[in-house]
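Asker: One structure, as structure tokens, below. Some questions next.
The values are calculated or read from the model by the stated rules, or taken from the named source; none is laboratory data. Quick caveat: nothing in here was measured; it's all calculated off a predicted structure. Cβ placement follows ideal geometry from the backbone for every residue including glycine, while neighbour counts extend to all protein chains displayed. Just so you know, the surface numbers come from the protein's heavy atoms only, side chains and all, with ligands and any DNA or RNA stripped out. Shrake-Rupley method; radii C 1.70, N 1.55, O 1.52, S 1.80 Å.
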Amino acid sequence: VDTAMELARAVGKTPIRIKDVTGFAINRLLHVMMIEAVRLVEEGVASPEDVDLACRLGLGHPIGPFELMDVTTSSLCLQVQEIMHEAYGERFRPRPLLKTRVQAGYVGGRNARGWRR
């Protein structure tokens with residue numbers, strides 16, 4: 001690990017040492033946000049477009065959670081959340097709306113309808 005860290009620094013990268021866990025550290029943070037974003041839509045608090053805009057303007061993210069789900073596909077997001085739900089419990093339970101949309105084929109990707117189109 002130390003050798004890999006030094007090699008990364010040598011080529012101008014900033015390596016980060018994180019324990020290998022189910023879902024990885026960044027995905028765990030990301031999917032909690034995605035789950036809450038879907039909950040906001042389920043509750044009628046905001047539209048997917050408005051949540052994305054709020055994340056871009058308020059958090060400085062380059063894209064919002066719904067646009068990201070469309071790019072990576074909602075079916076992959078659902079699969080990841082199911083794995084993390086099994087590993088970590090309720091905080092990663094996929095939202096019913098996400099499951100319904102995936103079952104209906106609204107998964108995003110290159111040619112499929114997603115959250116934003």
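Asker: Of all residues in region 24-65, count the ones that are touching a Pro at 6+ places or on another chain (Cβ under 9 Å) and of a type in the set (Gly, Ala, Ser).
Answerer: 2
Asker: Filter region 105-115 down to the residues that are open to solvent by 40 Å² or more (accessible area, probe 1.4 Å) and at pLDDT below 95 and list them by number. Walk me through it before giving the result.
Answerer: Taking region 105-115 as the starting set, the residues that turn out to be open to solvent by 40 Å² or more (accessible area, probe 1.4 Å) are 106, 110-111, 113.
Matches in region 105-115: Arg110, Asn111, Arg113.
Asker: Does Asp20 count as acidic (Asp, Glu), more than 15 Å from the chain's Cα centre (by Cα) and part of a helix (DSSP H, G or I)?
Answerer: Working: acidic (Asp, Glu): yes; more than 15 Å from the chain's Cα centre (by Cα): yes; part of a helix (DSSP H, G or I): no.
No: the conditions fail for Asp20.
Asker: Something else: Filtering region 65-104 down to residues that are touching a residue at least 12 places away in the same chain (Cβ under 8 Å) and acidic (Asp, Glu), which residue is most open to solvent (accessible area, probe 1.4 Å)?
Answerer: Only one residue tops the list, namely Glu82.
Asker: Going through Pro62, Pro48 one at a time, which residue ends up being without any contact (Cβ under 8 Å) to a residue 24 or more places away in the chain and either touching a His at 6+ places or on another chain (Cβ under 9 Å) or of a type outside the set (Gly, Ala, Ser) (or both)? First the steps, then the outcome.
Answerer: Numbers: Pro48 fails: without any contact (Cβ under 8 Å) to a residue 24 or more places away in the chain.
Sole residue among the options that is without any contact (Cβ under 8 Å) to a residue 24 or more places away in the chain and either touching a His at 6+ places or on another chain (Cβ under 9 Å) or of a type outside the set (Gly, Ala, Ser) (or both): Pro62.
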